[in-house]
Amino acid sequence: MPPRTFVLALLFAPDGTGVVLMHRTRPAWQAGRVNALGGKLHPGETPAAAARREVREEAGVDVPEAAWEEFLVWDDPHYRMHALRAFTPAAAQAHTAEDQPVFLGDATALPAAVIDNLRWLVPLALDRDVAVPVRVASRDPAGSGLTEPDPGG
């Protein structure tokens, strides 16, 4: 298993029309872009617990672990990403809770500056007919380049 594990938390309005997004100022490769909420899993933490924690820290709302559903696992030579989705009225209460602006965006018309992979991850998360979790792997054996290099090697 890759040494670094991340969670991507897609928090949707109950009808799926809105998704909570963040204007990123860091890390450097994401600065000026729009991404979903998320971050690194802590040792021993489940993806659902990490999604709950990250959304609480970044958007100031508490979405119980039971509300999160893993819909994708992405394996890369440098990391593993667990993508989870939740549909809840709490999305309307999401707000900037740290130093990176959070907003409820239109799930069907993502901003121009959105991280490229959200253009297919959001529609996949909205498709309830797909058996989940979907497993994908980075195509390039050197990795996808979708995260900063591991400082530990």
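The values are calculated or read from the model by the stated rules, or taken from the named source; none is laboratory data. Fair warning: this is a prediction, and the values are worked out from it, not measured in the lab. All Cβ positions, even for glycine, are placed from backbone atoms using ideal geometry, and neighbour counts span all protein chains on display. In case anyone asks, the SASA skips ligands and DNA or RNA and just uses the protein heavy atoms, side chains included. Shrake-Rupley method; radii C 1.70, N 1.55, O 1.52, S 1.80 Å.
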Checklist entry - Using alpha-carbon pairs under 8 Å, 6+ residues apart, how would you state the relative contact order of the range 1-86 in percent? => result 37 percent
Item to check | Average accessible area per residue (Å²) across the range 9-153 - probe 1.4 Å, nucleic acids and ligands excluded | outcome: 49 Å²
Checklist outcome for this item: Taking a crude spin-label model, label points 7 Å out from Cα along the C-beta direction, the Ala113 to Glu45 distance in nm is 2.6 nm
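Please report the antiparallel percentage of DSSP beta bridges with both residues in the chain, rounded to the nearest 5. Please report the intermediate quantities before stating the final value.
On the way: 19 of 33 bridges.
About 60 percent, rounded to the nearest 5.
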Checklist outcome for this item: Taking alpha-carbon centroids only, the range 1-60 lies from the range 68-87 a number of Å equal to 10 Å
Checklist entry - Where in the range 13-41 does the amide nitrogen come within less than 18 Å of the point 7 Å from the Cα of Asp127, taken along Cα to Cβ? => result 16-17
Next on the checklist: Heavy atoms of the protein only, probe of 1.4 Å, neighbouring chains included. What is the accessible area of Trp29 in Å², nearest 10?
Outcome noted: 90 Å²
Checklist entry - Projected onto the charge dipole of the range 52-95 (+1 at Lys/Arg Cβ, -1 at Asp/Glu Cβ, origin at the Cα centre), which of Ala90, Trp74, Pro64 gives the Cα projection farthest towards the positive end? => result Ala90
Item to check | Separation in nanometres of the label points that stand 7 Å from Cα toward Cβ, at Phe103 and Val136 | outcome: 2.5 nm
Checklist entry - Sorting Glu58, Glu65, Glu45 by accessible area (1.4 Å probe), largest first, what list results? => result Glu65, Glu45, Glu58
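Would you work out the charge dipole size for the chain about its Cα centre, treating the Cβ of every Lys and Arg as +1 and the Cβ of every Asp and Glu as -1, and quote it to the nearest 20 debye? Walk me through the intermediate numbers first.
Details: 14 positive and 20 negative charges, 33 e Å.
Using Cβ point charges on Lys, Arg, Asp and Glu, the chain gives about 160 debye.
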Checklist entry - How much solvent-accessible surface does His78 expose, in Å² to the nearest 10, with a 1.4 Å probe and all protein chains in place? => result 90 Å²
Checklist outcome for this item: Length-normalised contact order of the chain, Cα under 8 Å, at least 6 apart, in percent, tallies to 30 percent
Next on the checklist: Only four residue types carry charge here, +1 at the Cβ of Lys and Arg and -1 at the Cβ of Asp and Glu. Report the dipole size of the range 28-67 about the Cα centre in Debye, rounded to the nearest 20.
Outcome noted: 140 debye
Checklist outcome for this item: If one builds a Gaussian network model of the chain from Cα atoms under 10 Å apart, the most fluctuating residue listed among Val20, Val63, Val134 is Val134
